[in-house]
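Peer 1: Quick one: structure below, then a few questions.
The values are calculated or read from the model by the stated rules, or taken from the named source; none is laboratory data. These figures come from a predicted structure and were not determined experimentally. FYI the Cβ positions are ideal-geometry reconstructions off the backbone, even for glycines, and counts take in every protein chain you see. Quick note on the areas: whole protein, heavy atoms, side chains included, nothing else; ligands and nucleic acids left out. Shrake-Rupley method; radii C 1.70, N 1.55, O 1.52, S 1.80 Å.
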Amino acid sequence: MERLPGWLRQHLAALRAVAVLTVLLGLIYPLVTTGVAQALFGHHANGSMVASGHGSSLIGQSFTDAAGNPVRKYFQSRPSAAGDGYDPTSTSASNLGPEDVIDTPDRPSLLTQVCTRSKAAGELEGVSGARPFCTPDGVGAVLKVFPAGAVSVNQACPATPFVTTYQGLKVECAKPGQDYAAGRTVPIRGDATAVVPADAVTASGSGLDPHISVAYARLQAPRVARERGLDPARVEQLIQQHTTGRALGFIGEPSVNVLELNLALDGR
């Protein structure tokens, strides 16, 4: 039999390698890894879905009505910057940093978002929503200072500025459409002590975090107990049952899975 040309032998060898690797890596390997995952970690491999089919214990979700208002009988999750909230196809953070303190016509600053969320959470839970660097009306307490005066840039007229003077200068509200970029930016700390925990006013890095801090859960507990007519001690017991400790005993902080806790309250 006549020997095949060298170029043809090379192509045939390449085709055999593709066929073998396709079977090994495209069929055998996926089947083996899937089988091991199902046998040893079936719950996790299937998305950590809760038994009642209401979602995954690994992905947070909102407990709000059609208008976006919190449903008072449920524990509320932390804010989410993933799409319209907890969208697995749009996982992300806000990408805003601590220097983002001045609102624009397009969006509120990170500081104002924090202040607004803190005020809303305080009103929902019946506690003070005040916190440092926030005005009483829930925006960032930031001045633009000029030689002749100062402007509370996040409080549009006719709002009343959170302070009347700054270092002897009169403080005015911000006139819509006015450019205050030339002024010196001065965040004002104030003397408020934050009661609402940080995770109630900031989104997680992924936007999908299903957990809240124990402190935030306990802040919400009186409201949930009252709305459901439950003994507060029973609600506290459920919080403890759905609290996860530190990873490896020392990494991170204890946290509470909101979905699992709310399903336990519903008896599911």
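Peer 1: If you place +1 on the Cβ of every Lys and Arg and -1 on the Cβ of every Asp and Glu, how big does the dipole about the Cα centre of the chain come out, in debye to the nearest 20? Kindly include the intermediate steps, with their values, before the conclusion.
Peer 2: Values: 22 positive and 22 negative charges, 67 e Å.
Value, rounded to 20: 320 debye.
Peer 1: Over the range 144-249, with every protein chain in place, what whole percent of the accessible area is carbon and sulfur at 1.4 Å, could you tell me?
Peer 2: Carbon and sulfur atoms account for 54 percent of the accessible area of the range 144-249.
Peer 1: Could you pull out every whole DSSP H run in the chain that spans at least 24 Å of Cα extent along its own axis and averages -1.0 or higher on the Kyte-Doolittle scale?
Peer 2: The qualifying helices are 6-23.
Peer 1: Also, I was wondering about something else. Mind checking the range 106-192 for trypsin sites (Lys or Arg not before Pro) that DSSP puts in a loop (not H, G, I, E or B) and that have at most 15 other Cβ atoms within 10 Å? Provide the component values of the computation, followed by the final result.
Peer 2: Values: sites: 117, 119, 144, 170, 184, 189; in loops: 189.
Here the trypsin sites (Lys or Arg not before Pro) that fit, given the DSSP loop and packing criteria, are 189.
Peer 1: At 0.890 mPa s and 25 °C, plugging the Kirkwood radius over alpha-carbon pairs of the range 169-245 into Stokes-Einstein gives what diffusion coefficient in µm²/s?
Peer 2: 146
Peer 1: Then there's this: Given the options 121, 200, 19, state which has the largest fluctuation in a GNM of the chain using a 10 Å cut-off (strictly under) for Cα springs.
Peer 2: In the Gaussian network model the winner is 19.
Peer 1: Around residue 183, what is the net charge, scoring Lys/Arg as +1 and Asp/Glu as -1 over all other residues with Cβ under 15 Å from its Cβ? Please report the intermediate quantities before stating the final value.
Peer 2: Details: positive: 144, 170, 175, 184; negative: 103, 172, 179.
Result for the local shell: +1.
Peer 1: Here is a follow-up. In deg cm²/dmol, rounded to 500, what helix-only [θ] at 222 nm does the chain give when every DSSP H run of at least 4 residues adds -39500 (n - 2.57) and the total is split over its residues?
Peer 2: Helix-only estimate at 222 nm: -10000 deg cm²/dmol.
Peer 1: If you don't mind, another one. Can you work out the accessible area per residue across the chain, with the rest of the protein chains kept in place, probe 1.4 Å, in square angstrom?
Peer 2: 59
Peer 1: Scan the chain and hand back the longest stretch that contains none of the GluC sites (Glu not before Pro) lying in DSSP loops with at most 12 other Cβ atoms within 10 Å. Before the final figure, lay out each step's value.
Peer 2: Values: sites that count: 2, 99.
Excluding the exposed sites themselves, the longest stretch runs over 100-268.
Peer 1: Viscosity 1.306 mPa s, temperature 10 °C: Stokes-Einstein D of the chain from its Kirkwood Cα radius, in µm² per second?
Peer 2: In µm²/s, the coefficient is 70.
Peer 1: Most mobile of 242, 211, 11 per a Gaussian network model of the chain (Cα springs, under 10 Å)?
Peer 2: With Cα springs under 10 Å in the chain, the top fluctuation among 242, 211, 11 is at 11.
Peer 1: For the chain, modelled as a Gaussian network with Cα springs under 10 Å, which listed residue fluctuates most, 154, 95, 257?
Peer 2: Maximum fluctuation in the GNM of the chain, among the listed residues, is at 95.
Peer 1: A further question follows. If I histogram all Cα-Cα distances within the range 220-268 using bins 10 Å wide from 0, what percent of pairs lands in each bin?
Peer 2: Over the range 220-268, the share of Cα pairs per 10 Å bin runs 26, 49, 19, 5 percent.
Peer 1: Round to the nearest 0.05 the FRET efficiency obtained for residue 247 and residue 22 when R0 = 45 Å and r is the Cβ-Cβ distance.
Peer 2: So the FRET efficiency works out to roughly 0.70.
Peer 1: For residue 116, tell me the accessible area in Å² from a 1.4 Å probe, rounded to the nearest 10.
Peer 2: My reading of the accessible area for residue 116 is about 70 Å².
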